[in-house]
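**Student:** The structure is given below, and queries will be raised subsequently.
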Amino acid sequence: MNFLAVIGIYVAAAAGTLALGLLARWYDRKLTAMVQYRKGPPWYQPVADVLKLLGVNLEADKAVYLEKPMAISSWFAVPRNLARKSGKNMA
């Protein structure tokens, strides 16, 4: 199998996953609306939501968009339970 075929398979799988996720989200909203006796969103609502999300002005809240993921990932990178790893009682 050549390199372009593998890349094509990955792109197709990613596009299929995205389409399936958008369809599932639309169905979830439609089902919730039916339970609440409402009409529900149109079929293109998940796509409109993604486009609206991508169109957010990042300049206004650039610090929040850049620093928040770093803060969350650094929380998981900090070693925990050092006393348990060293075997010493640090209480």
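The values are calculated or read from the model by the stated rules, or taken from the named source; none is laboratory data. Remember, predicted model here, so these are calculated numbers, not experimental data. Reconstructed Cβ throughout: ideal geometry from the backbone, glycine too, with neighbour counts over all protein chains shown.
**Student:** Mind listing whichever residues of region 26-70 are charged (D, E, K, R), surrounded by 10 or more Cβ atoms within 10 Å (Cβ to Cβ) and modelled with pLDDT of 70 or more?
**Tutor:** Passing the criteria: 28, 29, 30, 38, 49.
**Student:** Pull out all pairs, ordered by first then second residue, where Cβ-Cβ is under 8 Å, the residues are six or more apart or on different chains, the first lies in region 37-57 and is touching a residue at least 12 places away in the same chain (Cβ under 8 Å), and the second is among the aliphatic types (A, V, I, L, M) and not in a loop (DSSP other than H, G, I, E, B).
**Tutor:** What qualifies is 41/33; 46/22; 46/23; 47/22; 50/22.
**Student:** Sort out which residues of region 1-41 are assigned to a helix (DSSP H, G or I) and touching a Lys or Arg at 6+ places or on another chain (Cβ under 7 Å), and write them in order of number.
**Tutor:** So in region 1-41, the residues assigned to a helix (DSSP H, G or I) come out as 3-35.
Within region 1-41, just 33 meets the criteria.
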